[in-house]
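Where a number appears in this text, it was derived from the coordinates with a stated rule and is not lab data. Remember, it's a predicted structure, so these values are computed and weren't measured experimentally. Glycine gets a Cβ as well: all are built from the backbone with ideal geometry, and neighbour counts include every protein chain shown.
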Amino acid sequence: MSVQSSSVTPREMPAWRFVTDRWLPPVILSVITLLAWEAVVRIFAISPFIVPAPSAVAEALAANWGTLLQASIVTAEEILLGFVVSVVAGVALALLIVRFDWLGRALYPLVVLFQNVPKVALAPIFILWFGYGLAPKIILILVIAFFPVTLSMLAGMESVDRSLVSLMNSVGASRSQILLRIRVPHSLPNLMAGMKIAATLSVIGAIVGEFAGASDGLGYAIQFASTQLDTPLVFAALLLVSVLGIVFYYAAELLERLVVPWAPKFSGR
Amino acid sequence: MALAAARARNDVPTLQAVASVAAASDLISARGVSVTMGSGRHRQVILDNIDLSVPEGSFVSLIGPSGCGKSTLLKVLAGLVEPSTGRVSVAGHAPADAARRRMIGLVFQDANLLPWKNAVDNASMLLSIADPTLSKAALRERGQAMLDLVGLGDAAHKMPNELSGGMRQRVSIARSLALDPAVLLMDEPFGALDAITRDTMGQSLLEIWERTGKTIVLVTHSIDEAVHLSKQVHVLGIKPGRIIETLDVPLPYPREVSIVEHPDFIRLHNGLRALLRDSHRPGQPS
C-alpha cells in the first residue's frame, strides 16, 4: 500500500476494528439475506424445483460432495491452463504490435474485428474440431480472455510520457531498449488489471465450454442436474463456480501486489 | 573548459563548418533558426529567424507568453526538433550529435522518474543507457554522487512515490547531471511546484550551477525566476515566435532569495513585465 494513501491502512488500526469495519458488514448482510431467503421459501411453500432454500442447497452440496469436488478440480484445471495460455498469448501479441509498426497496423484491426465475434457461438465449433477433452475449453478461454490482456498492456505501453521517450532518445536509446526498460515495466499495472478481467472471463469460458460439450466439470454438472430437474444441485454447483471465480480473482490480485508494489492502488473498499 | 573536455572525450574531428559559426566563447549558437509546421493554408511559423548565443558557463533564461515557441526553441537546441531553416551548434556539433556525445542534459516540467526504481537508480538510469560499459557499482556510485550534489544524498533508497514534487525534480536534475553534460536545457522545471518550493529549488539550482560550472538554458514563464537566476534573459514574442529583446541581469552572484528586494531587481522585473506585455502583440514575419 502506498504511503501516500489517504485511506486508513489496516496497520494503523487495531485488528478487531479491521474485522468489525471490513468484514462484519458483508457477513451480516449475507446472513440476513440467507435467513430471509429460507423464510420466504418456507412461508410461501415454494417448490425446491423453482427456488431451493439455502438449506436444500447445502444438503445437495453435502450429498454430492465427492462428485462436485471432482468436477471442481476438472474445471479449475481448465480455468488455470486457459488463463495462463491467454495471458502468454495476450502479452506476446501486445509486444509484437508495439515493436513492429507494420505488424501492428496489420493485426490491430483484425484483433478488434475478431473481438466482435460472439465467442460463445464458437464453442460448438471448437467441440467439433477438437473433441470433448481439455483442448476446446482452453481454446475457448483463450479467444475470450486474451483481448483484455492485449488491450490493457498496449494502453500501458503507449501511455509512457513523450518527454521520457525524448530523454531516452537523446542519449541514443534503441527502440528495443525503450520497449524493455521503459514501456514494458510501465505497462505492468495495466497488465495486472487486464489479468484480473481475464481471470473472471476464464471462469466463464470454462463453464461455456463445458456447456457446449463435456463429460466432466462443474458446467457439465449444472447441465446434468438441470436435465434431472435437480435445482438444488444446480445451485450447489453454481456456488462452487463462484468460489472458483473468487479464488482466481484474488490470486490475480495477490500477483499484482507482488509484481507491482510501486503502482498506485485503489483503496480496498 | 567543458568545451575542451567535450572535444577531448571523442577523437572524431569536429565539423569545421558548424564550429566556425559559433564565436569562440559561445557554447551554443543558433543563426537564422526558423521552425514551421504544416503546409499550405495550415502552414504555421512557430519560430521566426532566431539568433541566439549562449556563452559557455552562462545561465540564460528564455521567457515569453504561451505559444511563443520557447519550448520549441529548447527542443531545437536539444536536437529533438529539426529547424526548417538555419543552423544550430552545441559545442561545435549539430544538436543531435551533441546529445549522443552526452553533452546535453534535459530537464522537463514533469520529473518523469521510473516509479519502479529508487532515487539512486533513477539518477543513473540515463547514464546506464548512454554508457553500457559501466558496471552496476559504478552506476550506483555516480548516481549517489549526483544525489549528493542536488541535496538528496539521504534519500537514495526512497521510491519516487515517497518523494515530494520538489525532491522528484531534484532526482531528475541529478539524472541529467550524471551524464556530465556541457549544458543543461531545462523546460519549466519548477512550473508544477508551489511558490516556496520553487524559490528553494531556484536557489539550489544556482548552487549547482556555481559548483559545476555547467551552462544552463532555462525556459520559464516566471519573471521572478528569470531575474533571480539568470545572467541574461531573452524575451520572446508571439506570432511568429521571435526574440524581441535580450536583457542582461547585472546583479552579482551569489544571489539570495532576498534579492527580490534589491532596487535593481525591481527595476529589471518591471522592465521585463512591460516587455512581456508587448510580447503578446503579434509582429510582422520577416
Please arrange A:VAL31, A:VAL243 by how many other C-beta atoms lie within 10 Å of their C-beta, fewest to most.
A:VAL31, A:VAL243
What's the longest bit of chain A with no exposed chymotrypsin sites (Phe, Trp or Tyr not before Pro), using DSSP loop states and at most 10 other Cβ atoms within 10 Å as the test?
A:50-265
For chain B, what's the relative contact order in percent, using C-alpha pairs closer than 8 Å and at least 6 residues apart?
23 percent
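With a ≥ b ≥ c the root eigenvalues of the C-alpha gyration tensor of chain A, is it rounded (a/c under 1.5), prolate (a/b larger than b/c) or oblate?
Judged from the Cα gyration tensor, chain A comes out oblate (a/c at least 1.5, b/c at or above a/b).
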Which one of B:SER29, B:SER222, B:LEU251 is farthest out on the positive end of the charge dipole of chain B, using unit charges on Cβ (Lys, Arg +1; Asp, Glu -1) and the Cα centre as origin?
B:SER29
May I ask you to sort A:SER176, B:SER176 by Cβ crowding, counting other Cβ atoms within 10 Å and putting the fewest first?
A:SER176, B:SER176
So what is the calculated 222 nm ellipticity per residue for chain A, using -39500 (n - 2.57) for each DSSP H run with n of 4 or more, over all residues, to the nearest 500 deg cm²/dmol?
-24500 deg cm²/dmol
If the elastic network links every pair of Cα atoms under 10 Å, which of A:ILE73, A:ILE204, A:ILE28 fluctuates the most in the Gaussian network model of chain A?
A:ILE28
Can you tell me the 0 to 90 degree angle between the C-alpha axis of helix A:218-227 and the longest principal axis of chain A, rounded to 10?
40 degrees
Per GNM of chain B with C-alpha springs under 10 angstrom, the most fluctuating residue out of B:VAL217, B:VAL88, B:VAL45 is B:VAL45
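Shielding of B:77-83 by partners, i.e. mean partner chain Cβ atoms within 10 Å per residue?
Values: counts 0, 4, 3, 6, 1, 0, 0.
If you average over the peptide's residues, the count of other-chain Cβ atoms is 2.
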Rounded to a whole number, the mean other protein chain Cβ count within 10 angstrom for residues of A:168-178 is 6
Could you derive backbone 3J(HN,Hα) for segment B:102-119 from the dihedral phi with the Karplus parameters 6.51, -1.76 and 1.60 (θ = phi - 60°), listing whole Hz in sequence and x where the residue is Gly or Pro?
6, 8, 10, x, 10, 9, 9, 4, 8, 4, 6, 6, 7, x, 9, 10, 6, 4
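What's the magnitude of the charge dipole for segment B:176-286 around its Cα centre, counting Lys and Arg as +1 and Asp and Glu as -1 at the beta-carbon? Answer in Debye, nearest 20. Write down the numbers at each step before the final one.
Details: 11 positive and 15 negative charges, 96 e Å.
Here segment B:176-286 has a charge dipole of around 460 debye.
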Out of A:ALA145, A:VAL160, B:LEU114 - ranked by how far each Cα lies towards the positive end of the dipole of the protein assembly as shown, with unit charges on the beta-carbon of charged residues - the top one is A:VAL160
In the protein assembly as shown, if the dipole is taken from +1 on Lys/Arg beta carbons and -1 on Asp/Glu beta carbons about the Cα centre, which of B:SER66, A:GLY82, A:LEU238 is farthest to the positive end?
B:SER66
Expected max-MSF residue from B:HIS93, B:HIS228, B:HIS42 in the GNM of chain B (alpha carbon, under 10 Å) is B:HIS42
What does the structure give for B:105-118 when I average, per residue, the other chain Cβ atoms found within 10 Å of the residue Cβ?
4
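Arrange the following residues from fewest to most other Cβ atoms within 10 Å of their Cβ: B:LYS214, B:LYS136.
Details: B:LYS214 22, B:LYS136 10.
Going from least to most buried by this count: B:LYS136, B:LYS214.
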State whether chain B is rounded, prolate or oblate according to the following rule on the C-alpha gyration tensor (a ≥ b ≥ c being the square roots of its eigenvalues): a/c under 1.5 gives rounded; otherwise a/b larger than b/c gives prolate, and the remaining case gives oblate.
oblate
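Let me check against my output: what whole-number percent is the relative contact order of segment B:113-180, with C-alpha pairs under 8 Å and at least 6 apart? Intermediate values should be presented prior to the final figure.
Working: 94 pairs, mean separation 32.9, N = 68.
That works out to 48 percent.
Return a whole-number percent for the relative contact order of chain A, with Cα pairs under 8 Å and 6 or more residues apart as the contact set. It would help to have the intermediate numbers written out before the result.
Values: 284 pairs, mean separation 71.6, N = 269.
Normalised by residue count, the contact order of chain A is 27 percent.
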Given the C-alpha centroids of segment B:190-204 and segment A:167-181, what is the distance between them in whole angstrom?
30 Å
Tilt relative to chain A, helix A:231-259 - C-alpha long axis, 0 to 90 degrees, to 10
30 degrees
